[in-house]
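First the structure, in the form of structure tokens, and then the observations on it.
The values are calculated or read from the model by the stated rules, or taken from the named source; none is laboratory data. The model shown is predicted, which means the values in this text are computed figures rather than measured ones. No Cβ is skipped: glycine too gets one built from the backbone with ideal geometry, and neighbour counts run over all protein chains shown. We work out accessible area using only protein heavy atoms, side chains counted, and drop any ligands, DNA or RNA first. Shrake-Rupley method; radii C 1.70, N 1.55, O 1.52, S 1.80 Å.
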Amino acid sequence: MMQVLDLFSGIGGFSLGLERTGGFKTVAFCEIDPFCRKVLEKHWPGVPIFEDVRKLTAGDLNDRIDVLCGGFPCQPFSCAGKRRGTKDERWLWPEFYRIVCEVKPRWALVENVPGLLSVDSGRAFAGILSDLAQIGYDAEWNVLSASQFGLPHLRKRVFLVAYPHSFGSDEVSIFQRDLPK
């Protein structure tokens, strides 16, 4: 059973999806919104919920972390916003990255809006890839739409999967598999 730390948890969508596969168990959440924390408490009783990603450290965790997942705030690069990118105070990739460095998970899963790829002329996303490479992680990413999975709307999202280079992959990319039509 792979153990999950879910950052920027919202109401637990990432954890719900992972746990429904049968191979994952969420061992901690981090969510700043009080309403969302109440939802998490109801559906995951007894699982620790940390409030502020900027204060969370590996020392706060009692379990090994195999999977670190989350969708840091999208406002800095959403096409619906001002697209201030890394200059926006809500740019929280550095916190996600800090926690990857501290817990060294086998997998890091990131979800966000497609604007992440283009904000700051692509430099913000290039910085994410560079950060991961500097600590020995390879990354794959793709833009997927909810409609590809049978839902009646587009809701495009970038999904990035990172893993230690030593874990390596001579296998087919996780994104080269056939997706539902």
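Structure above, values below:
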| quantity | calculated |
| --- | --- |
| Qualifying positions in segment 58-90 - under 21 Å from F29 (Cβ atoms) and open to solvent by less than 60 Å² (accessible area, probe 1.4 Å) | A58, L61, I65, D66, V67, L68, C69, G70, G71, F72, P73, C74 |
| Test for K38: is it outside any loop (DSSP other than H, G, I, E, B), open to solvent by 70 Å² or more (accessible area, probe 1.4 Å), over 17 Å from L109 (Cβ atoms) and not hydroxyl-bearing (S, T, Y) | yes |
| Test: residue in segment 152-160 that is farther than 17 Å from P73 by Cα, touching a Leu at 6+ places or on another chain (Cβ under 8 Å), open to solvent by 20 Å² or more (accessible area, probe 1.4 Å) and not polar (S, T, N, Q) | no |
| Inter-residue pairs, beta-carbon under 7 Å, first in contact (Cβ under 8 Å) with a residue 24 or more places away in the chain and in segment 98-111, second among the polar types (S, T, N, Q) and open to solvent by 10 Å² or more (accessible area, probe 1.4 Å), 6+ apart | E102/T57 |
